[in-house]
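Chemist: After the C-alpha cells below, expect a handful of questions from me.
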Amino acid sequence: MTTAVAATKWTKKDLVGLRDLSREEIELILDTAKSLQEISLRPVKKVPTLRGKTIANIFFEPSTRTRISFELAEKRLSADTINIQAQTSSAVKGETLKDTIRNIEALKVEMVVMRHPASGAPHRLAKALDVSVINAGDGTNEHPTQALLDMFTIREKKGKLAGLRIAFIGDILHSRVARSNIWGLTKLGAQVVVCGPRTLLPSHVEELGVEVTTDLKKAIKGADVINLLRIQTERQKECYFPSIREYANLYQINKPVLENAKSDVLIMHPGPVNRGVEISSEVMDGPFSVILDQVTNGLSVRMAVLYLLSGVRNSGGEE
Amino acid sequence: MPNKIIMNSDEMNRSITRIAHEILEKNKDVKGLAIVGIRTGGAHLAERLIQKIKEFSKQEISSGILDITLYRDDLSEVGPQPNVKETKIDFDVTEKTIVLVDDVLFTGRTIRCALDGVIDYGRPKSIELAVLIDRGHRELPIKPDFVGKNIPTSRNEEVRVYFSEEHGKDEVIVEEIK
C-alpha cells in the first residue's frame, strides 16, 4: 500500500475520538500501524522506542481485549505500565476521577489510557492534564482505537476504504464502536449503513451521513463489510426488544442470510461475541470472518497511537 | 558559498561498482551474505549494490530494508514524532554476514540504531558497514568497512546524496547550512 500522507505530522496530545481527527491524521495512524506490524512477527517482539516512559491503564469498566491489547502494545514499545481497575482503586472510596488521575500524574506518568462509563470523561481529563490521554472507550460516545483497528483490517483485506459499503448491524444506540467507526469511515470516503431494531437506532443518526434501515436484507445487500455489534443482553431488561430469540430471528447473521451478501464480504465483530445471538457459530468460524485478524491488528494500531502521541507534550494544563 | 558537486553520476557508479567488488572480495560465501539498506538513502544504495553483486557473482543474495526511527536516541525531545516506515527483513539473520548500507556516515548514531535493529532479528555471524560518503565527525566508535569516498566537511555543511530513483538524478553535493 502506498503511503500518501508522508508529509502529515502528528501534533495532538490526546486521542479522545475520531470526531476530532482529520482524514490525514487517521491515515497517518493507519500507515504507522502498517509499519509497526512486523515487530510482532520478530523473534524479539520489542523495540526500545518508549523506554523509560510510564503508561497508566485505568479501566473504570470491565475490559479484557482492549486492556490486554493496550498493555501488550505498551510492552512491545518498551514502556513501563501500571494497571488500575476501578473495583480495586480508591474510586470506590469516593475519590473523584480527576483526583485519581492527578495522583497518578504526580508519580510522573507520561500517558493515561482510560475507559470510563461516562461519555466525555476523557475529554475533560485531556483538558485538565498535561499528560497524553487515550480514550479506550467512554460511555456510548467513542472507542477510537477499536474503529481504527476495524478500518485497518478492512484496508488490509480490501486494499482501500473509499467507496466501500460498510454495514453495522445491532445495537447502534449504545455502541461507541459504531459511533467512532461512523466518524472515521465517512471521513475516509466509505459509505456506512446502520441497521437494527428501531429502538436500538439513535434518532437523527442519519445526520452523520449514514444510511439507516431496520431491514437486514437491505443493509447487507451490496455490503463489502458487515460489522456486527454485540447485543448487550443486559439491555434486554430495559425492554429495547421483546426477546433475544426474536432478535436472533430477525437480525442474526447466519449462513442463509449471507446468501444475499457479496461473495467476498468480510464479517467483523469487536467482541465479546454472543454466539448464536448476533452471529451463528458457523459464520463466526467461517471463511468470511476476520474477527481474529481484528484482534491481531489492534496491537499494531495501538502501538501506532502510543508512538505518535508520545512525541507531543502540553506546555501547560488548563482548568 | 555555492553548492559543491562532490560526485557526478559516473563517479557514483564507479564507487558503487568498486564497493560491490570489495564486498565480494571480503565475503567469498555469497549465500552467507545479506545486504541491508537503511532508509531511505541507504536503501537506494543497497539496491544498486545488490544488482551489481548478483551480476558479478551470478548468485542470488538475501536483502532487506531497515527503518531505524524506533531506535533513535533523540525521540524523547519535544516535537512531532518522525513518521515510521516499514522494516523488511524476510530472511533469517542468524549466522549470516550482514552488510549494513547507508549513503552518508556522519556521527555514527544512525548506525548504532541499525546495529540494535538488526540484532533484534537474531544473532548474525558478523555485521559490516558500507557507505558511499564518510564525512567524519563521529560521536560513537564506529568505523566503516567499505567507503566510496572520504570527504572532509565542517559541521555547518550538509552532504546530500541524490539517487535517480527518488530525485531524478545521481549526484553528491555539499552545501552550507544557513
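Chemist: I'm told B:ARG48 meets every condition in (1) without any contact (Cβ under 8 Å) to a residue 12 or more places away in the chain; (2) away from chain A (no Cβ under 14 Å) except one. Can you identify the failing condition by its number?
Modeler: (1)
Chemist: Taking segment B:51-66 only, how many residues are in contact with a helix residue (DSSP H, G or I) (Cβ under 7 Å, 6 or more places away or on another chain) and within 14 Å of chain A (Cβ to nearest Cβ)?
Modeler: Of the residues in that region, 2 qualify.
Chemist: Here's a follow-up. Identify all residues within segment A:18-35 that are within 14 Å of chain B (Cβ to nearest Cβ), closer than 21 Å to A:ILE182 by Cα and small (Gly, Ala, Ser); write none if there are none.
Modeler: The answer is A:ALA33, and nothing else.
Chemist: Next question. Report, ordered by the first and then the second residue, all pairs with beta carbons closer than 8 Å, sequence separation of six or more or different chains, a first member in segment A:68-91 that is farther than 16 Å from A:ALA304 by Cα and polar (S, T, N, Q), and a second member that is outside any loop (DSSP other than H, G, I, E, B) and modelled with pLDDT under 90.
Modeler: A:SER89/A:THR100; A:SER90/A:THR100
Chemist: Every residue in segment A:170-205 that is closer than 18 Å to A:ASP138 by Cα and either in contact with a helix residue (DSSP H, G or I) (Cβ under 7 Å, 6 or more places away or on another chain) or among the small types (Gly, Ala, Ser) (or both), please.
Modeler: A:ASP171, A:ILE172, A:LEU173, A:HIS174, A:SER175, A:VAL177, A:ALA178, A:SER180, A:ASN181, A:ILE182, A:TRP183, A:GLY184 - these are the residues of segment A:170-205 that are closer than 18 Å to A:ASP138 by Cα and either in contact with a helix residue (DSSP H, G or I) (Cβ under 7 Å, 6 or more places away or on another chain) or among the small types (Gly, Ala, Ser) (or both).
Chemist: Taking the condition of being buried (at least 19 other Cβ atoms within 10 Å of the Cβ), within 11 Å of another protein chain (Cβ to nearest Cβ) and not aliphatic (A, V, I, L, M), how many residues in segment A:38-69 meet it?
Modeler: Of the residues in segment A:38-69, 2 are buried (at least 19 other Cβ atoms within 10 Å of the Cβ), within 11 Å of another protein chain (Cβ to nearest Cβ) and not aliphatic (A, V, I, L, M).
Chemist: Separate question: Tell me which of these A:ALA73 doesn't satisfy, since it passes every other one: (1) surrounded by fewer than 22 Cβ atoms within 10 Å (Cβ to Cβ); (2) away from chain B (no Cβ under 12 Å).
Modeler: (1) is the only condition that A:ALA73 fails.
Chemist: If I go through segment B:1-27 residue by residue, how many of them are over 14 Å from B:PHE56 (Cβ atoms) and outside any helix (DSSP H, G or I)?
Modeler: 8
Chemist: Would a scan of segment B:134-145 turn up a residue that is out of contact with any helix residue (DSSP H, G or I) (no Cβ under 7 Å at 6 or more places or on another chain), within 14 Å of chain A (Cβ to nearest Cβ) and free of Cβ contacts under 8 Å to residues at least 40 places away in the same chain?
Modeler: No, every residue in segment B:134-145 fails to be out of contact with any helix residue (DSSP H, G or I) (no Cβ under 7 Å at 6 or more places or on another chain), within 14 Å of chain A (Cβ to nearest Cβ) and free of Cβ contacts under 8 Å to residues at least 40 places away in the same chain.
Here's the yes/no breakdown for (1) surrounded by fewer than 20 Cβ atoms within 10 Å (Cβ to Cβ); (2) more than 12 Å from the chain's Cα centre (by Cα):
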{"residue": "B:ASP102", "(1), (2)": "no, no"}
{"residue": "B:ARG109", "(1), (2)": "yes, yes"}
{"residue": "B:ARG112", "(1), (2)": "yes, yes"}
{"residue": "B:ARG123", "(1), (2)": "yes, yes"}
{"residue": "B:ARG135", "(1), (2)": "no, yes"}
{"residue": "B:ARG138", "(1), (2)": "yes, yes"}
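Chemist: Sticking with this one: Is it fair to say A:LEU306 is hydrophobic (A, V, I, L, M, F, W, C) and either buried (at least 22 other Cβ atoms within 10 Å of the Cβ) or within 14 Å of chain B (Cβ to nearest Cβ) (or both)?
Modeler: Against the criterion (hydrophobic (A, V, I, L, M, F, W, C) and either buried (at least 22 other Cβ atoms within 10 Å of the Cβ) or within 14 Å of chain B (Cβ to nearest Cβ) (or both)), A:LEU306 qualifies.
Chemist: Also: For segment B:101-174, which fully contained strands (runs of 3 or more DSSP E) count at least 2 residues that are over 18 Å from B:ARG14 (Cα atoms) and not aliphatic (A, V, I, L, M)?
Modeler: Ranges flagged: B:126-134, B:157-162.
Chemist: So if I check each of A:GLY222, A:GLY196, which one is surrounded by fewer than 18 Cβ atoms within 10 Å (Cβ to Cβ) and under 19 Å from A:MET268 (Cβ atoms)?
Modeler: A:GLY222
Chemist: Consider A:THR64 against the criteria (1) in contact with a strand residue (DSSP E or B) (Cβ under 9 Å, 6 or more places away or on another chain); (2) in contact (Cβ under 8 Å) with a residue 60 or more places away in the chain: it satisfies all of them except one. Which criterion is unmet?
Modeler: That leaves (1) as the condition not met.
Chemist: Something else about it: What do you reckon, is A:LEU15 under 17 Å from the mean Cα position of the chain (by Cα), crowded, with 22+ Cβ neighbours inside 10 Å and within 14 Å of chain B (Cβ to nearest Cβ)?
Modeler: yes
Chemist: Next question. Of everything in segment A:69-108 that's farther than 16 Å from A:GLY52 by Cα and part of a strand (DSSP E or B), which residue is modelled with the lowest pLDDT?
Modeler: Once the filter is applied, the top-ranked residue is A:GLN85.
Chemist: Tell me, which residue of segment B:68-100 that is of a type in the set (D, E, K, R) and facing another protein chain (nearest Cβ under 7 Å) is surrounded by the most Cβ atoms within 10 Å (Cβ to Cβ)?
Modeler: Checking each candidate, the answer is B:LYS85.
The values are calculated or read from the model by the stated rules, or taken from the named source; none is laboratory data. These numbers were taken from a predicted model, which means no experiment stands behind them. Cβ atoms come from the backbone with ideal geometry, glycine included; neighbour counts cover every protein chain shown.
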